[in-house]
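The values are calculated or read from the model by the stated rules, or taken from the named source; none is laboratory data. Predicted model, so just to flag it, every value in this text is computed and none were measured. Accessible surface is based on the protein model in full, side chains and every heavy atom, while ligands, DNA and RNA are left aside. Shrake-Rupley method; radii C 1.70, N 1.55, O 1.52, S 1.80 Å.
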Amino acid sequence: MRRHGLIWYLNVLFIILIVVMAFAVSWYAARAVRGFHMERTKADREVEADLGARIIISDISKGTEFEEAIPCEELAGLTMSRLTVIQRDGTVLCDTKEQAERMENHADRPEIRQALTGRTGESVRFSDTLRQNFMYVAVPVRFGAETYGVVRVSVPLTFIDHDMRDIRMRIFLGGLIAAVAGVLLSLALSRRISRPLAHMRRGIDHFSRNELSYRIPSSDIEAVSYT
């Protein structure tokens, strides 16, 4: 049986390396694109939540109590996302998708706790109310030195997952094409390198048998000149 030479083993090694690298880059690119979409979604939801908080603060600045300064119908028309207004104690005062009085206390929600400290809160988790994964972004409702509550905007992640299916397929298809091209290039280069070596090996075999009339094909061997 013919023994595999060093070129064959190197060729297999390069092919494996090319395939692994192509899919590793594709995986990393897909994660990077998803991360970008998540950050963009978060930024958009923060703008919506901040706008809702400003509407409420506008009424508070006119002397309206916080509980009465929440135009839930107006907030519902503000965005297609789900918007919720929560008091400091966690009581839900307004929700654009559910009846507020039927909702449980939100004081333990991580994004609510973060927002009550005066900074933007965020969380990604499963919603027991709507039975799907959501991104939650919450901003504090502050007027003067007092924090009255929180405006939270949430959006289902299903649309991101739907968009990512097509993007991920395109990325991995590109990685597959790059891998195939790399494999073909590796095979072509290995053949170009191994062919003259094979001719030389056959020539040595002929010469060792004293067959001096044998000529090594010169078309496959590049001439090397020394100066």
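Numbers below:
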read-out: The range 1-86, accessible surface, carbon-and-sulfur percent (1.4 angstrom probe); value: 63 percent
read-out: Rounded to the nearest 10 Å², the accessible area of F134 at probe 1.4 Å; value: 10 Å²
read-out: Under 5 Å, built H, 5+ apart or other chain: amide partners of R125; value: F134, Y136
read-out: Rounded accessible area per residue of the range 9-53, 1.4 Å, Å²; value: 65 Å²
